Amino acid sequence: QTELLDLSTVDVILISNYHCMMALPYITEYTGFTGTVYATEPTVQIGRLLMEELVNSIERVPKAQSASMWKNKEVQRLLPAPLKDAVEVSMWRKCYTMPEVNAALSKIQLVGYSQKIELFGAVQVTPLSSGYALGSSNWIIQSHYEKVSYVSGSSLLTTHPQPMDQASLKNSDVLILTGLTQIPTANPDGMVGEFCSNLAMTVRNGGNVLVPCYPSGVIYDLLECLYQYIDSAGLSNVPFYFISPVANSSLEFSQIFAEWLCHNKQTKVYLPEPPFPHAELIQTNKLKHYPSIHGDFSNDFKQPCVVFTGHPSLRFGDVVHFMELWGKSSLNTVIFTEPDFSYLDALAPYQPLAMKCVYCPIDTRLNFIQVSKLLKEVQPLHVVCPEQYTQPPPTQSHRTDLMVDCQPPAMSYRRAEVLTLPYKRRYEKIEIMPDLADSLVPLEIKPGISLATVSAVLHTKDNKHVLQLPPKPPQPPASKKRKRVSDDVPECKSLKPLLSGSIPMDQFVQTLEKHGFSDVKVEDTAKGHIVLLQEAETLIQLEEDSTHIICDNDEPLRVKLRDLVLKFLQKF
């Protein structure tokens, strides 16, 4: 939605996890963006792998011609189903190149969990573990008195990443919630079990299994489950192949990001043992990895086997080759584990297909039951989330449990909507210089409450405010002629005392009568009282925050009345 937002005016981009950064080169390289991007190290390294795989797969099959006529609305209407309904087609771009990926990633500043980053002195941002993927983060954006939490792509399940940090989300004025599970009715544990049993059944019947997947993330958990399952299911002789231009880097990276892993994987590193069992699968030759289907793989390839490869959309990458190779036999099975794509849409171009298709989407992100538990725990004042989360899914309108339920009800937003968050910055933190603090004289006005008046110069730079001693008036030079005090330094006049308190009417009237004012009348007004001195033709207006004495050019009388009023007030 780049018409709404001029990206060159954006100061900071916070990246929550590696799936969120696939469009980063388009922003950093094409929009005039000059701000800073913050992300954790695993996010950047695994994000690089995902982008490298994407670029590699697309550059492998260059197009002889590039067509753009189909982007014309009139032509698009005539195209077959998925294309004719595609949104914002005019914005679609050619894939970026590796130099652009490297340029984009070089602009990212690495941060660690719980590290506080100052942004222009105005706010502080802090990444927290979100428990969803290696290095995935939720972000806290806070000033001295306000706190906004951005919760995106989080998981409360025990998988390989560090568990979610919930405690730091407490006391938020606003919690922005997004990136929940895409399949709220599927239980990840049940899906992993189904994945293993379907895989075993196919292989026992002499068929091959194809798993379209990303080169990082759920694949680590699937390999771990298979590691525990292989022997009991009698699969120890079946080869597992992981084919991706970044397969080797991905398997190695997962073993070196120890501090980003869950506790029991961290402890293995100190034994020393590899935190993930796929290291052992590689040593025993049960898992083999290859950059592509050409070269070594074609020599080593044995069937029946299990192949993990990309891309989960089935539109590019080595998965296309296997779909065409194995699609004609009903012995083979393709198992979809990634929730990002509709498996029916993915399969559409390959129909009619004889191979079996199993849908076991594994999405460990928060479901609605976990969300309501989380919100009860952290108790934000306001929740903001996409409109889709505030109503049941369109296909299951009776399932009112499949929506965000909180008090007060969540504020919802749609794509490209501008929101005003329901809180205001009311206070700023101001520092007082030590010499100024020394000069303050607090006065006790009530037991336990003291007040002091401050005369100071407010110095503001980079959104930091400091109170300093006011400048002393310059001494006139000791020359014969008296020079005027220079105009640019403000002269410090002696300050009038500040007044506080309220005036009791009965006592005030008695005092006036004692001092020779007869015929005193008091009238009540909406804001206070009016005291009429009819003989002296004078009026005293007493209100909560001001007192006016109105008399006709009689200065001595005004001063006398003023002194009587001041008797009833406290001075500072």
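Which of the residues spanning the range 203-230 are out of contact with any Leu (no Cβ under 7 Å at 6 or more places or on another chain) and of a type in the set (S, T, N, Q)? Once the filter is applied, which keeps residues that are out of contact with any Leu (no Cβ under 7 Å at 6 or more places or on another chain) and of a type in the set (S, T, N, Q), the range 203-230 yields Asn208, Gln228.
This table checks each residue for (1) in a loop (DSSP other than H, G, I, E, B); (2) modelled with pLDDT under 80; (3) in contact with a Lys or Arg (Cβ under 7 Å, 6 or more places away or on another chain).
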| position | (1), (2), (3) |
| --- | --- |
| Thr453 | yes, no, no |
| Leu458 | no, no, no |
| Val485 | yes, yes, no |
| Asp488 | yes, yes, no |
| Ile503 | yes, no, no |
| Asp506 | no, no, no |
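Scanning the range 509-528 for residues that are over 60 Å from the mean Cα position of the chain (by Cα), surrounded by fewer than 10 Cβ atoms within 10 Å (Cβ to Cβ) and not in a helix (DSSP H, G or I) yields one hit, Gly516. Would you say Pro25 is open to solvent by 60 Å² or more (accessible area, probe 1.4 Å), assigned to a helix (DSSP H, G or I), touching a helix residue (DSSP H, G or I) at 6+ places or on another chain (Cβ under 7 Å) and not assigned by the TED database to the domain that holds Gly217? No: the conditions fail for Pro25.
In the range 468-483, the condition of being part of a strand (DSSP E or B) and at pLDDT below 85 is met by no residue. For the range 330-361, what are the residues that are among the aromatic types (Phe, Trp, Tyr), open to solvent by less than 50 Å² (accessible area, probe 1.4 Å) and in a strand (DSSP E or B)? Scanning the range 330-361 gives a single hit, Phe336. Selection over the range 208-238 of residues that are surrounded by 21 or more Cβ atoms within 10 Å (Cβ to Cβ), of a type outside the set (S, T, N, Q) and in a loop (DSSP other than H, G, I, E, B) gives a count of 5. Residues in the range 264-285 that are in contact (Cβ under 8 Å) with a residue 24 or more places away in the chain and part of a helix (DSSP H, G or I): Lys265, His278, Ala279, Glu280, Leu281, Ile282. Being surrounded by fewer than 20 Cβ atoms within 10 Å (Cβ to Cβ), farther than 30 Å from Asn138 by Cα and acidic (Asp, Glu) holds for only one residue in Asp11, Asp85, and it is Asp85.
Of all residues in the range 283-291, one or more are out of contact with any helix residue (DSSP H, G or I) (no Cβ under 6 Å at 6 or more places or on another chain), open to solvent by 20 Å² or more (accessible area, probe 1.4 Å) and within 28 Å of Asn17 (Cα to Cα).
Of all the numbered requirements in (1) assigned to a strand (DSSP E or B); (2) free of Cβ contacts under 8 Å to residues at least 12 places away in the same chain, Gln124 misses one, and that requirement is (2). Of all residues assigned to the range 105-119, none qualifies as being touching a residue at least 40 places away in the same chain (Cβ under 8 Å), among the aliphatic types (A, V, I, L, M), assigned to a loop (DSSP other than H, G, I, E, B) and under 30 Å from Arg60 (Cα atoms). Among the residues of the range 102-124, those that are more than 21 Å from Thr28 (Cα to Cα) and touching a Leu at 6+ places or on another chain (Cβ under 9 Å) comprise Tyr113, Ser114. Just one of (1) under 18 Å from Trp92 (Cβ atoms); (2) open to solvent by 50 Å² or more (accessible area, probe 1.4 Å) fails for Ala64. It is (1). Residues in the range 137-154 that are farther than 17 Å from Val371 by Cβ and either surrounded by fewer than 19 Cβ atoms within 10 Å (Cβ to Cβ) or more than 9 Å from the chain's Cα centre (by Cα) (or both): 6 in all. Scanning the range 426-442 for residues that are part of a loop (DSSP other than H, G, I, E, B), of a type in the set (Lys, Arg) and touching a residue at least 60 places away in the same chain (Cβ under 8 Å) turns up at least one hit. Could you list all residues from the range 305-325 that are of a type in the set (Phe, Trp, Tyr) and either open to solvent by less than 10 Å² (accessible area, probe 1.4 Å) or over 22 Å from Val55 (Cβ atoms) (or both)? Answer for the range 305-325, where residues must be of a type in the set (Phe, Trp, Tyr) and either open to solvent by less than 10 Å² (accessible area, probe 1.4 Å) or over 22 Å from Val55 (Cβ atoms) (or both): Phe308, Phe322.
Within the option set Val55, Val75, being surrounded by 10 or more Cβ atoms within 10 Å (Cβ to Cβ) and in contact (Cβ under 8 Å) with a residue 40 or more places away in the chain holds for one residue only, Val55. Pairing each residue of the range 186-203 that is at positive phi with any residue that is in a helix (DSSP H, G or I), provided the two are 6+ apart or on different chains, yields no C-beta distance under 8 Å.
Taking the range 374-400, which residues are open to solvent by 30 Å² or more (accessible area, probe 1.4 Å), in contact (Cβ under 8 Å) with a residue 24 or more places away in the chain and over 30 Å from Ser313 (Cα atoms)? Selection gives Glu377, Gln379, Leu381, His382. Look at (1) closer than 30 Å to Phe308 by Cβ; (2) surrounded by 20 or more Cβ atoms within 10 Å (Cβ to Cβ) and you find that Tyr38 fails only one, number (1).
Looking at the range 362-380, which of its residues are assigned to a helix (DSSP H, G or I) and within 30 Å of Val211 (Cβ to Cβ)? Within the range 362-380, Phe368, Ile369, Gln370, Val371 meet the criteria. Of the residues making up the range 549-569, those that are outside any loop (DSSP other than H, G, I, E, B), open to solvent by 90 Å² or more (accessible area, probe 1.4 Å) and within 24 Å of Lys527 (Cβ to Cβ) number 1.
Just to be sure I understand, how many residues within the range 43-72 are part of a loop (DSSP other than H, G, I, E, B) and within 22 Å of the chain's Cα centre (by Cα)? Final tally of qualifying residues: 0. In this structure, does Tyr241 turn out to be under 22 Å from Gly327 (Cβ atoms) and in a strand (DSSP E or B)? When the stated conditions are applied, Tyr241 passes them.
The values are calculated or read from the model by the stated rules, or taken from the named source; none is laboratory data. Quick caveat: nothing in here was measured; it's all calculated off a predicted structure. Cβ atoms come from the backbone with ideal geometry, glycine included; neighbour counts cover every protein chain shown. These area figures cover heavy atoms from the full protein model, side chains too; ligands, DNA and RNA do not enter into them. Shrake-Rupley method; radii C 1.70, N 1.55, O 1.52, S 1.80 Å.
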